[in-house]
1. Among (1) modelled with pLDDT under 95; (2) open to solvent by less than 90 Å² (accessible area, probe 1.4 Å); (3) not β-branched (V, I, T), where does Q47 come up short?
2. Give S15, S79, S70 a once-over and let me know the one that is open to solvent by 60 Å² or more (accessible area, probe 1.4 Å), in a helix (DSSP H, G or I) and among the small types (G, A, S).
3. Could you say whether any residue in the range 19-41 is farther than 21 Å from F71 by Cβ, open to solvent by less than 80 Å² (accessible area, probe 1.4 Å) and touching a Pro at 6+ places or on another chain (Cβ under 7 Å)?
4. Residues to consider are I73, I58, I54, I22; find the one that is of a type in the set (A, V, I, L, M, F, W, C) and in contact with a helix residue (DSSP H, G or I) (Cβ under 6 Å, 6 or more places away or on another chain).
5. So which residues in the range 45-84 are in contact (Cβ under 8 Å) with a residue 24 or more places away in the chain and over 29 Å from A14 (Cα atoms), if there are any at all?
Amino acid sequence: MGETDKWNEAAKYASLMNTVDIVVYIACIGLAWWALQAFRFDVLLKQPKGAKAIMLQILLAIGLGHLVASFFIQYLGLSLDFSRMF
C-alpha cells in the first residue's frame, strides 16, 4: 500500500465521519424541536406565539440538539477508537 493510498483512505474516512456528524446533528436538533413542542411555553411567556418565543424555541432546540448530538458523536468516536485498541 503506497503513501497516496493511505492518504486517500484517511480522507475517505474523514469525509464519511463528517457526513455522519452532520446527519446526527440535524437529526438531534429535529428531535429536540419535536420534544420541545410538548412543553407549555404559554405558561412562562407573555406572548407564546410571538417571534421572540419562536426564536427562543429554535435556540433551545439547537442548544439541546447540539448537546445530545455531541454525546452520540463522542460515544461513536470513543467506541471506534476502543475497537482499534484490540
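1. Looking at each condition in turn, Q47 falls short on (2).
2. On the way: S79 fails: open to solvent by 60 Å² or more (accessible area, probe 1.4 Å); S70 fails: open to solvent by 60 Å² or more (accessible area, probe 1.4 Å).
Matching residue, one of S15, S79, S70: S15.
3. yes
4. Numbers: I58 fails: in contact with a helix residue (DSSP H, G or I) (Cβ under 6 Å, 6 or more places away or on another chain); I54 fails: in contact with a helix residue (DSSP H, G or I) (Cβ under 6 Å, 6 or more places away or on another chain); I22 fails: in contact with a helix residue (DSSP H, G or I) (Cβ under 6 Å, 6 or more places away or on another chain).
Just one listed residue meets the conditions, I73.
5. Q57, I58, L60 - these are the residues of the range 45-84 that are in contact (Cβ under 8 Å) with a residue 24 or more places away in the chain and over 29 Å from A14 (Cα atoms).
The values are calculated or read from the model by the stated rules, or taken from the named source; none is laboratory data. These numbers were taken from a predicted model, which means no experiment stands behind them. Cβ atoms come from the backbone with ideal geometry, glycine included; neighbour counts cover every protein chain shown. In case anyone asks, the SASA skips ligands and DNA or RNA and just uses the protein heavy atoms, side chains included. Shrake-Rupley method; radii C 1.70, N 1.55, O 1.52, S 1.80 Å.
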